[in-house]
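Here is the structure we will look at, set down as structure tokens.
The values are calculated or read from the model by the stated rules, or taken from the named source; none is laboratory data. No experiment lies behind these values; they were computed from the predicted model shown. In this analysis, Cβ positions are derived from the backbone assuming ideal geometry, glycine residues included, and neighbour counts consider all displayed protein chains.
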Amino acid sequence: MRSNPVPGATRRSPRKGGVPRAAIRTKTTEVHGVTLSDDYDWLRAPNWKEVLREPDALPADIRGYLEAENAYAKRLLAPTRALQRSLVKEMRGRIKEDDASVPQPDGPFLYYSRYRKGGEHPLICRRPRAGGGKGKAKGKGREQIMLDADALADGKDFFDLGDTAHSRDHGLLAWSADEAGSELYTIRVRDLATGEDLPDAIPDTTGDIVWAGDSGSFFYVGVDADHRPSKVFRHRLGERPEQDTLLHDEADAGMFVDIDETQSGCFLLISINDHETSEIRLLDLSVPDAKPLTVAARLVGRQYDVEHHDEKLLISTNADEAEDFKIVSAPVADPAPANWRDLIAHKPGRLILSHVCLKGRLIRLEREDGLPRIVIRDLETGAESDIAFDEEAYGLGMDAGYEFDTDTLRFIYASMARPAETWDYDMASGERALLKRQEVPSGHDPAAYRVRRIFAAAKDGAQVPISILHRADTPLDGSAPCLLYGYGSYGSAMSASFRTRPLSLVDRGFVYAIAHVRGGTDKGRRWYLDGKREKKTNTFTDFIAAAETLADNSFTTRGRIVAEGGSAGGMLMGAVANMAPALFAGIIAEVPFVDVLNTILDDTLPLTPPEWPEWGDPIRDVTAFENIRSYSPYDNVTAQAYPPILAMAGLTDPRVTYWEPAKWVARLRATMTGGGPVVLHTNMGAGHGGAAGRFDSLKETALAYAFAIQAVGEGWPEASPD
């Protein structure tokens with residue numbers, strides 16, 4: 001691969017009052033004998049790593065262009081300002097401002113988080129358990145605010161609280177925060193007796209924290225100069241970060257590292273993985289100088305997760321062609337694969353999503369026929385019981401809490417129309433206790449809405465699930481506008497759970513739908529495998545089939561559908577905009593991964609090597625190169641009319657760098673023959689997740705929803721690429 005930058009002239013500079021035009025400075029690159037031309041590569045700042053830490057370091061010409069785009073977006077969407085304010089007010093009205101999580105018991109305390117009225121960030125709290133009894137979240141006592149994230153965020157342009165973890169002796173709270181949006185977290189430790197932070201401060205981490213059993217040290221993951229989580233350290237309180245003990249240094253740039261602990265609290269889990277291969281190392285948390293023990297050396301294509309019970313490890317794995325995973329047991333003393341014994345056999349189509357061990361029990365969360373359930377197994381008798389619900393579409397999750405020796409399992413249930421409910425399930429008696437139902441202060445009547453699940457026939461006959469929410473009084477005669485959401489990558493399934501924000505569209509007559517396209521695991525692991533690498537285009541054609549099916553069944557009509565997706569779902573948006581522009585009234589692409597070919601060809605970017613198992617390696621594999629080149633949204637912009645497009649970016653985003661949507665918008669404007677407008681909004685003080693505050697983030701959602709409403713309504717006076 002060789003590169004040849006060629007200076008070019010500015011076709012049309014950003015101008016006051018007009019549509020911004022990016023300068024053309026053509027860079028040519030030859031890959032596998034193919035010459036690639038990129039007119040807008042200059043939008044990638046040469047000092048982009050510095051910009052992640054110091055946004056003010058962005059070169060002036062790039063900043064000027066992004067600010068011109070923001071000014072254009074503000075000007076174009078000016079007719080929707082009152083609507084945006086109304087949307088923010090509505091969405092805020094559905095948030096219980098002084099909300100609190102259900103307390104989780106741990107020894108002498110109940111731990112929880114809450115918000116003060118008007119607060120953007122949480123308060124991390126505890127109160128005495130007051131004799132609530134094993135596994136019972138009872139007790140009243142004086143609250144201790146361990147950490148006030150509102151106070152920590154005061155005066156900062158950006159603040160994101162990462163992990164919080166109390167020590168085993170309950171005397172300390174380790175916490176992490178990102179103050180730029182670049183996902184570089186600094187870890188600090190608070191003395192809970194004095195309320196003061198210790199001198200310990202560890203920068204450039206992922207933010208995750210696991211305490212050792214002695215409460216005098218903890219473990220964390222360090223981020224290297226390329227922003228890659230690659231090193232695991234033990235930090236002893238009072239020592240300088242440069243004295244920390246290195247426990248693992250991952251040499252393979254294609255693997256990421258993270259940490260967790262078993263529910264038993266006995267072992268640290270050092271997980272080394274990409275999108276198809278994993279390796280886990282155990283470290284005894286009770287031994288001060290313990291060394292990691294590898295459970296099973298990495299083998300390409302083999303994945304596994306580890307839990308612990310007594311003298312055994314319970315391992316969820318796809319080994320032995322268990323595509324949808326099985327659970328095996330292995331002795332802690334020698335957990336090599338030769339000693340793995342099947343406990344829960346593989347069943348095709350039943351995907352085991354996660355598992356956890358509580359004393360005497362193995363609990364697994366699984367999905368079959370697109371719907372989740374929780375299954376509880378008595379490890380002594382083998383008897384099983386399950387928790388499931390009889391609805392067309394719903395979301396279900398479990399929260400094992402802090403304790404291991406308990407009969408209580410907490411789970412959270414919601415449907416698209418029914419607010420989330422938090423339950424405690426007594427695994428001994430089978431009784432359920434409702435602890436909390438999500439409050440919607442402005443009011444919400446589930447009976448006023450309808451939840452449906454239908455299926456679209458894909459090009460190859462695959463049945464693509466679509467989850468649908470609409471008001472009961474919305475006419476289903478094709479007249480309703482529709483917002484169709486999609487993702488379809490990395491095996492991530494889209495939960496059909498309750499979301500308050502889309503209600504602002506649904507209450508205005510929209511049909512809100514989720515397309516469970518291939519590339520996710522909504523219908524098992526095969527559903528994922530059939531939407532990656534050489535089969536990636538299934539993701540796009542599935543989404544198009546979902547949109548057409550919604551129209552064919554009179555939920556909406558062609559040209560009244562607004563498509564929405566973010567990150568890899570933003571790539572989906574770029575692809576369907578190229579493939580079926582007339583189908584959509586608008587496209588909302590949030591932090592969109594649209595410059596796929598250039599990004600996956602660049603192994604200096606921190607996320608690129610771990611991405612090759614997902615997309616293919618176009619540097620070494622000409623077939624992968626041609627495949628990615630065939631669908632990469634930026635590379636496939638053509639001279640055709642495009643629907644209105646809103647692209648949203650974050651300047652300090654390390655996952656989808658700001659220049660991807662910026663380049664995409666520039667090429668669209670220069671190439672399209674009609675339609676539009678094409679709008680770019682860059683948050684100059686945030687990263688991949690946008691604004692961090694719970695109310696600040698509403699403004700970005702309101703911008704997107706106002707765009708959707710305008711797209712199916714009056715449109716824009718400036719609906720021209722010029």
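Residues in segment 678-698 that are in a loop (DSSP other than H, G, I, E, B) and either in contact with a Ser or Thr (Cβ under 6 Å, 6 or more places away or on another chain) or of a type in the set (Ser, Thr, Tyr) (or both): Ala691 only. Put simply, of Ala458, Ala472 the only residue that is assigned by TED's automatic domain parsing to the domain that holds Thr541, free of Cβ contacts under 8 Å to residues at least 60 places away in the same chain and over 30 Å from Ala100 (Cα atoms) is Ala472.
Which of the following residues is surrounded by 24 or more Cβ atoms within 10 Å (Cβ to Cβ) and free of Cβ contacts under 8 Å to residues at least 60 places away in the same chain: Leu646, Leu668? Step through it out loud before you land on a result.
Values: Leu646 fails: free of Cβ contacts under 8 Å to residues at least 60 places away in the same chain.
Unique residue meeting the criteria: Leu668.
Condition check ((1) surrounded by fewer than 19 Cβ atoms within 10 Å (Cβ to Cβ); (2) of a type outside the set (A, V, I, L, M); (3) at pLDDT 95 or above; (4) under 23 Å from Glu90 (Cα atoms)) across all residues:
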{"site": "Leu680", "(1), (2), (3), (4)": "no, no, yes, no"}
{"site": "Gly685", "(1), (2), (3), (4)": "yes, yes, no, no"}
{"site": "Gly690", "(1), (2), (3), (4)": "no, yes, no, yes"}
{"site": "Asp696", "(1), (2), (3), (4)": "yes, yes, no, yes"}
{"site": "Leu703", "(1), (2), (3), (4)": "no, no, yes, yes"}
{"site": "Phe707", "(1), (2), (3), (4)": "no, yes, yes, yes"}
{"site": "Ser720", "(1), (2), (3), (4)": "yes, yes, no, no"}
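Only a single item in (1) in the same structural domain as Val511 (by TED's automatic domain parsing); (2) touching an Asp or Glu at 6+ places or on another chain (Cβ under 7 Å) is not met by Ala428, and it is number (1). Checked against (1) within 25 Å of Leu379 (Cβ to Cβ); (2) in the same structural domain as Phe219 (by TED's automatic domain parsing), Ala319 meets all criteria but (2). Would you confirm whether any residue within segment 142-154 is out of contact with any Lys or Arg (no Cβ under 6 Å at 6 or more places or on another chain) and modelled with pLDDT under 95? Yes, segment 142-154 has at least one match.
Could you check segment 219-261 and list, in sequence order, the residues that are farther than 25 Å from Gly171 by Cβ, aliphatic (A, V, I, L, M) and assigned to a loop (DSSP other than H, G, I, E, B)? Once the filter is applied, which keeps residues that are farther than 25 Å from Gly171 by Cβ, aliphatic (A, V, I, L, M) and assigned to a loop (DSSP other than H, G, I, E, B), segment 219-261 yields Ala225, Ala251, Ala253, Met255. Filtering segment 547-567 to residues that are crowded, with 24+ Cβ neighbours inside 10 Å and of a type in the set (A, V, I, L, M) leaves Ala547, Leu550, Ile561, Val562, Ala563.
Assigned to a loop (DSSP other than H, G, I, E, B) and surrounded by fewer than 23 Cβ atoms within 10 Å (Cβ to Cβ), is that true of Arg655? Yes; evaluated as a whole, the condition is true for this residue. Quick one: would you say Asp445 is under 24 Å from Ser467 (Cβ atoms) and within 28 Å of the chain's Cα centre (by Cα)? The answer is no for Asp445.
Out of all the residues in segment 374-389, which are in a strand (DSSP E or B) and surrounded by fewer than 17 Cβ atoms within 10 Å (Cβ to Cβ)? Give the derivation first.
Residues of segment 374-389 in a strand (DSSP E or B): 374-378, 384-387.
Selection gives Asp378, Glu384, Ser385, Asp386.
Taking the numbered list (1) touching a helix residue (DSSP H, G or I) at 6+ places or on another chain (Cβ under 9 Å); (2) free of Cβ contacts under 8 Å to residues at least 12 places away in the same chain in turn, Asp552 passes all entries but (1). Consider segment 26-40 and keep the residues that are without any contact (Cβ under 8 Å) to a residue 24 or more places away in the chain and of a type outside the set (Val, Ile, Thr). The one that is nearest to Arg667 (Cα to Cα) is Ser37.
Candidates Ile344, Ile327, Ile315, Ile272: the one that is touching a Ser or Thr at 6+ places or on another chain (Cβ under 6 Å), among the hydrophobic types (A, V, I, L, M, F, W, C) and buried (at least 17 other Cβ atoms within 10 Å of the Cβ) is Ile327.
Selection within segment 22-81: residues that are among the β-branched types (Val, Ile, Thr) and either assigned to a strand (DSSP E or B) or at pLDDT below 95 (or both). The member of this set that is nearest to Asp617 (Cα to Cα) is Val31. Of all residues in segment 603-636, those satisfying the criterion of being at pLDDT 95 or above, assigned to a loop (DSSP other than H, G, I, E, B) and surrounded by fewer than 24 Cβ atoms within 10 Å (Cβ to Cβ) are Gly616, Asp617, Ile619, Arg620, Asp621.
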